[in-house]
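**Student:** Before I ask anything, here is the structure I am working with.
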Amino acid sequence: MSAKSTQVINEVIRRLGDIRVANGYFTEVAGEVMGEDPALYLDEHQALPCIGVRNISDRLTTQGWRATNQTRTIEVVAFLDREPDGRARQDELLQDIYRTLFRPESLKLNGLAVEIEAGEAQLDDIEIGTSVLPIYLPITLTYSTLNWEER
């Protein structure tokens, strides 16, 4: 069984993978959601829009005899073509990301809820040039891990 942090990130990636027009979203994401920063592969061969998730930090918030609370901060990174309607499509994709992560049903793993908090989205990046519109959205995930297994 993988670590709880890995399970949490995998669930976030799975949810982001649901962003398809057929699922009621505005955006059709090209390809699979990457488990790393898509900027690593951003070239003329990368289909857009694309989404990836990169780890930023992990912090132990409290440790008790029965459970440990951890906070993992990730960044959802997405890129779109800068076209005449690029800014509107960028807003739509950002809304799609919010809608898929903040569903009415909470994210639960092994019966333990995971708290999700979005930071402030950054919607521009001078370093990547003028042909691509980025979205950088920090997400903080807080979850508990039991320190033992009951038998």
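**Student:** Please work out if T100 is at pLDDT 95 or above, in contact with a helix residue (DSSP H, G or I) (Cβ under 6 Å, 6 or more places away or on another chain), among the polar types (S, T, N, Q) and buried (at least 16 other Cβ atoms within 10 Å of the Cβ).
**Tutor:** Numbers: at pLDDT 95 or above: no; in contact with a helix residue (DSSP H, G or I) (Cβ under 6 Å, 6 or more places away or on another chain): yes; among the polar types (S, T, N, Q): yes; buried (at least 16 other Cβ atoms within 10 Å of the Cβ): yes.
Against the criterion (at pLDDT 95 or above, in contact with a helix residue (DSSP H, G or I) (Cβ under 6 Å, 6 or more places away or on another chain), among the polar types (S, T, N, Q) and buried (at least 16 other Cβ atoms within 10 Å of the Cβ)), T100 does not qualify.
**Student:** Go through segment 71-92 and report how many residues are part of a strand (DSSP E or B) and of a type outside the set (V, I, T).
**Tutor:** In the first step, residues of segment 71-92 are kept if they are part of a strand (DSSP E or B); the result is 71-81.
Next, from what is left, pick out any that are of a type outside the set (V, I, T): 72, 75, 78-81.
The total comes to 6.
**Student:** If you check V53 against the conditions, is it in a helix (DSSP H, G or I) and at pLDDT 85 or above? Talk me through it step by step, then tell me what you get.
**Tutor:** Details: in a helix (DSSP H, G or I): no; at pLDDT 85 or above: yes.
No; evaluated as a whole, the condition is false for this residue.
**Student:** Go through segment 64-100 and give me each residue that's farther than 18 Å from D18 by Cα and touching a strand residue (DSSP E or B) at 6+ places or on another chain (Cβ under 6 Å). Give the derivation first.
**Tutor:** Step one: of segment 64-100, the residues farther than 18 Å from D18 by Cα are 64-74, 81-88.
Of everything in segment 64-100, those that are farther than 18 Å from D18 by Cα and touching a strand residue (DSSP E or B) at 6+ places or on another chain (Cβ under 6 Å) turn out to be A67, T68, N69, Q70, T71, R72, T73, I74, R82, G86.
**Student:** If you don't mind, there's one more thing I want to ask. Just checking, how many residues over segment 1-17 are farther than 19 Å from L94 by Cα and in a helix (DSSP H, G or I)?
**Tutor:** Total satisfying the criteria: 6.
**Student:** Any idea how many residues of segment 16-45 are touching a residue at least 24 places away in the same chain (Cβ under 8 Å) and either closer than 19 Å to I74 by Cα or among the charged types (D, E, K, R) (or both)?
**Tutor:** Residues in segment 16-45 being touching a residue at least 24 places away in the same chain (Cβ under 8 Å) and either closer than 19 Å to I74 by Cα or among the charged types (D, E, K, R) (or both): 7 in total.
**Student:** For segment 18-44, which residues satisfy the criterion of being loosely packed, with under 15 Cβ neighbours inside 10 Å and assigned to a helix (DSSP H, G or I)? Break it down into steps so the answer makes sense when it comes.
**Tutor:** Quick first cut of segment 18-44, residues loosely packed, with under 15 Cβ neighbours inside 10 Å only: 20-24, 28, 30-32, 35-36, 40-41, 43-44.
V21, A22, N23, L40, Y41 - these are the residues of segment 18-44 that are loosely packed, with under 15 Cβ neighbours inside 10 Å and assigned to a helix (DSSP H, G or I).
**Student:** Of the residues R66, R59, R14, which is closer than 23 Å to S144 by Cβ, exposed (fewer than 12 other Cβ atoms within 10 Å of the Cβ) and modelled with pLDDT of 90 or more?
**Tutor:** Details: R66 fails: modelled with pLDDT of 90 or more; R59 fails: modelled with pLDDT of 90 or more.
One residue alone meets the criteria, R14.
The values are calculated or read from the model by the stated rules, or taken from the named source; none is laboratory data. What you are looking at is a predicted structure, and each value in this text was computed from that prediction instead of being measured. Here Cβ is always computed from backbone atoms with ideal geometry, including for glycine, and neighbour counts include all displayed protein chains.
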